1. Looking at the stretch 175-212, which of its residues are out of contact with any Gly (no Cβ under 7 Å at 6 or more places or on another chain) and among the acidic types (D, E)?
2. If you take the residues in the stretch 196-241 that are without any contact (Cβ under 8 Å) to a residue 40 or more places away in the chain and among the acidic types (D, E), which one is nearest to V165 (Cα to Cα)?
3. Scan the stretch 213-253 residue by residue and report those that are outside any loop (DSSP other than H, G, I, E, B) and under 15 Å from C119 (Cβ atoms).
4. Look through G40, G23 and report the one residue that is surrounded by fewer than 16 Cβ atoms within 10 Å (Cβ to Cβ), modelled with pLDDT of 95 or more and part of a loop (DSSP other than H, G, I, E, B).
5. Step by step: first the residues of the stretch 203-234, then only those that are over 30 Å from A159 (Cβ atoms) and out of contact with any Pro (no Cβ under 9 Å at 6 or more places or on another chain), then the one that is surrounded by the fewest Cβ atoms within 10 Å (Cβ to Cβ). Which residue is that?
6. For the stretch 54-79, what are the residues that are closer than 17 Å to T19 by Cα and within 15 Å of the chain's Cα centre (by Cα)?
7. Name the single residue that is nearest to G80 (Cα to Cα) among those in the stretch 43-63 being part of a loop (DSSP other than H, G, I, E, B) and not β-branched (V, I, T).
8. How many of the residues making up the stretch 212-255 are of a type in the set (D, E) and over 19 Å from A17 (Cβ atoms)?
Amino acid sequence: MIGQRSGTSDVSGAHFAFTDRWGGVSAVPYEELNLGGAVGDDPAAVRTNRELAAKSLGIDADRVVWMNQVHGNLVAEVDGPWTVPPFLPGAREPRHTPPVDGLVTATRGLALAVLTADCVPVLLADPVAGVVAAAHAGRPGMVAGIVPAAVDAMESLGADPSRIVARTGPAVCGRCYEVPEEMRADVAAVEPAAYAETSWGTPAVDVAAGVHAQLERLGVRHREQSPVCTRESADHFSYRRDRTTGRLAGYVWLD
């Protein structure tokens with residue numbers, strides 16, 4: 001389903017959405033609803049997919065802000081889409097799109113988007129303050145502090161962590177994210193909640209658990225985690241499973 005959507009009736013005006021892989025026009029191995037512009041897919045297909053996803057959500061595709069994600073901890077404040085045309089030959093995203101892994105805005109009706117294919121998409125909203133944020137929390141970004149950085153950026157615009165509603169979308173689970181023992185130890189030294197073991201008994205990292213632990217410490221009490229593991233789900237893209245594959249998207253916006 002395009003734009004698989006999880007709304008919250010208890011938060012007036014805040015919208016959260018996560019896509020699956022179906023309902024688009026991309027060919028194998030990106031079938032069907034690939035929304036990533038840096039994975040080797042036909043740029044025309046990605047443009048069409050982004051238009052289809054936006055239409056299914058009732059938002060304007062031209063009012064969606066995307067990121068040039070680099071597994072870091074930088075957050076950009078935006079008040080509108082980037083002003084150069086997307087998907088120029090050889091480009092990952094529009095020229096001059098900053099290399100960031102978080103976006104924050106106080107502009108209502110502007111949708112922020114995050115791309116993933118195993119990493120944790122983090123969507124945040126404080127409808128009272130009129131502030132939303134989106135963050136790309138892979139293992140490196142979670143360790144580097146992209147989630148605290150996003151919450152801090154929201155606070156600078158008047159958000160209150162006690163009011164922030166957080167949604168994390170489909171991501172690889174701790175039972176499936178195998179890593180070397182040394183890497184698990186390094187991650188757990190920063191975020192103990194991310195320490196995990198695979199279902200086959202080897203060292204693993206649970207990035208979503210780490211993200212939610214960070215949100216809890218930051219005072220974000222209203223949280224919801226998707227039960228979907230991308231590596232296990234044939235309905236979702238997974239880089240760890242398929243390597244060459246598409247990208248899912250999470251969207252957040254305020255009316």
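1. Passing the criteria: E178, E181, E182, D186, E197.
2. Top of the filtered list is E216.
3. Within the stretch 213-253, the first condition is being outside any loop (DSSP other than H, G, I, E, B), and the residues that meet it are 213-217, 222-225, 229, 239-242, 248-253.
Matches in the stretch 213-253: Q214, Q225, C229, Y239, R240, R241, D242, L248, A249, G250.
4. Numbers: G23 fails: surrounded by fewer than 16 Cβ atoms within 10 Å (Cβ to Cβ).
On inspection, the qualifying residue turns out to be G40.
5. Per the stated criteria, the residue is A234.
6. Across the stretch 54-79, the qualifying residues are V64, V65, W66, M67.
7. Once the filter is applied, the top-ranked residue is D60.
8. Number satisfying all stated conditions: 3.
The values are calculated or read from the model by the stated rules, or taken from the named source; none is laboratory data. Fair warning: this is a prediction, and the values are worked out from it, not measured in the lab. Using ideal geometry, Cβ is built from the backbone for each residue, glycine included, and neighbour counts are taken over all protein chains shown.
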